[in-house]
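See structure below.
The values are calculated or read from the model by the stated rules, or taken from the named source; none is laboratory data. Everything quoted here is computed from the prediction, not taken from an experiment. Cβ placement follows ideal geometry from the backbone for every residue including glycine, while neighbour counts extend to all protein chains displayed. The accessibility values were calculated without ligands, DNA or RNA, using every heavy atom of the protein model including side chains. Shrake-Rupley method; radii C 1.70, N 1.55, O 1.52, S 1.80 Å.
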Amino acid sequence: MTLVTTKHLMEDAYANGYAIGAFGVHNLEIMKAIIAGAEKANAPVILQTTSSTYKYIGMPYMVALAKAAAAQAKVPVALHLDHGESLENVMECLRSGYTSVMIDGSSLPFEDNIALVKRVVEVSKAVNVPVEAELGTIGGVEDDLKVDEASALFTNPEMAGRFVQETGIDSFAPAFGTAHGAYKIEPELQFDLLDQIRQATNIPLVMHGASGVPDASVKKAIGLGVSKVNFSTELKDLFANEIRSFFIDNPTENDPRKYFLPARAALTELVEQKIRMLQR
Ligand code: 13P
Ligand code: ZN
């Protein structure tokens, strides 16, 4: 299959009370593990990268790898820009073959965020690519994006309603208590707030910072309109830990085909388990 957009995947998930797993890709091994995990769970999957990741991999490689993955996969695969920083980022992804984009104007004043998102929606709609956007601030660290958890701001439902209506976005990422990166203490998710946001927006919601959130909380959020769940830190931690422990046991190994394999296998299992959790 060719890469699909996230539009129908998320609308189906929203209508039927489950969520699509969206996983941060950083290299070929991680991409292959994500696809293998999704195939084992027999569910569609979203590969996502920030702009710094596609710059690290190289855009032509990034898109060629994702297209090859989608062509071989037994499940639908989408390629999504995570936390796009500018219209330029989005245009680069649209030109190159991404099938879904996020524009993150959450650090801008409300009206400026709306203005930026509107421009992104205009260009993306023209090529049938759905847009995710964020209002409020999700704390923690995501690549080069750092938000002090103390200064993270919950999304205001009324503003969320206006934001969705004025921008015409396809999915909405609210701040309701999750954070990027590792949690120092268990997060207290604001489910009442999420429910109000769902009622005010009426479109598929996206949960950022799902690494370290207990399964029960993720499921509860899915029951309140979350249709895409983003995982990155847990994948990175597991991948690095597996490679570290491989080298402790095999300090002289130099064959990447050997030292990446256990990490890939562990990641496949994690992705399968996460996706199955989103379905139930
Ligand atoms: P985590 O790294 O906390 O899983 O967050 C992922 C994310 O929200 C990517 O946008
Ligand atoms: Zn995020």
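Evaluated against (1) open to solvent by 30 Å² or more (accessible area, probe 1.4 Å); (2) under 21 Å from Ala200 (Cβ atoms); (3) modelled with pLDDT of 95 or more; (4) within 14 Å of ligand 1 (Cβ to nearest atom), Ala152 falls short on exactly one condition, (3). Scanning region 162-181 for residues that are of a type in the set (Gly, Ala, Ser) and either open to solvent by 70 Å² or more (accessible area, probe 1.4 Å) or within 16 Å of ligand 2 (Cβ to nearest atom) (or both), we see that the one that is nearest to Asn113 (Cα to Cα) is Ala173.
Consider Phe172 against the criteria (1) farther than 17 Å from Ala133 by Cβ; (2) more than 13 Å from ligand 1 (Cβ to nearest atom); (3) modelled with pLDDT of 95 or more: it satisfies all of them except one. Which criterion is unmet? Checking Phe172 against (1) farther than 17 Å from Ala133 by Cβ; (2) more than 13 Å from ligand 1 (Cβ to nearest atom); (3) modelled with pLDDT of 95 or more, the one that fails is (1). If you go through region 221-274 and pick out every residue that is in contact with a strand residue (DSSP E or B) (Cβ under 8 Å, 6 or more places away or on another chain), open to solvent by 50 Å² or more (accessible area, probe 1.4 Å) and either free of Cβ contacts under 8 Å to residues at least 60 places away in the same chain or not charged (D, E, K, R) (or both), you end up with 0. For region 1-27, the tally of residues that are under 18 Å from Leu81 (Cβ atoms), buried (at least 22 other Cβ atoms within 10 Å of the Cβ) and either touching a His at 6+ places or on another chain (Cβ under 9 Å) or of a type in the set (A, V, I, L, M, F, W, C) (or both) stands at 7.
Applying the set (1) open to solvent by 50 Å² or more (accessible area, probe 1.4 Å); (2) more than 16 Å from ligand 1 (Cβ to nearest atom); (3) out of contact with any Gly (no Cβ under 8 Å at 6 or more places or on another chain); (4) over 29 Å from Val75 (Cα atoms) to Lys184 leaves exactly one unmet item: (2). Would you check if Lys219 is among the basic types (Lys, Arg) and within 16 Å of ligand 2 (Cβ to nearest atom)? Considered against the rule, which asks whether it is among the basic types (Lys, Arg) and within 16 Å of ligand 2 (Cβ to nearest atom), Lys219 comes out as no.
Val141 passes every criterion in (1) at pLDDT 95 or above; (2) within 16 Å of ligand 1 (Cβ to nearest atom); (3) open to solvent by 40 Å² or more (accessible area, probe 1.4 Å); (4) hydrophobic (A, V, I, L, M, F, W, C) apart from (1).
Looking across region 35-47, the residues that are farther than 10 Å from Ile275 by Cα and under 15 Å from the mean Cα position of the chain (by Cα) come down to Ile35, Ile46, Leu47.
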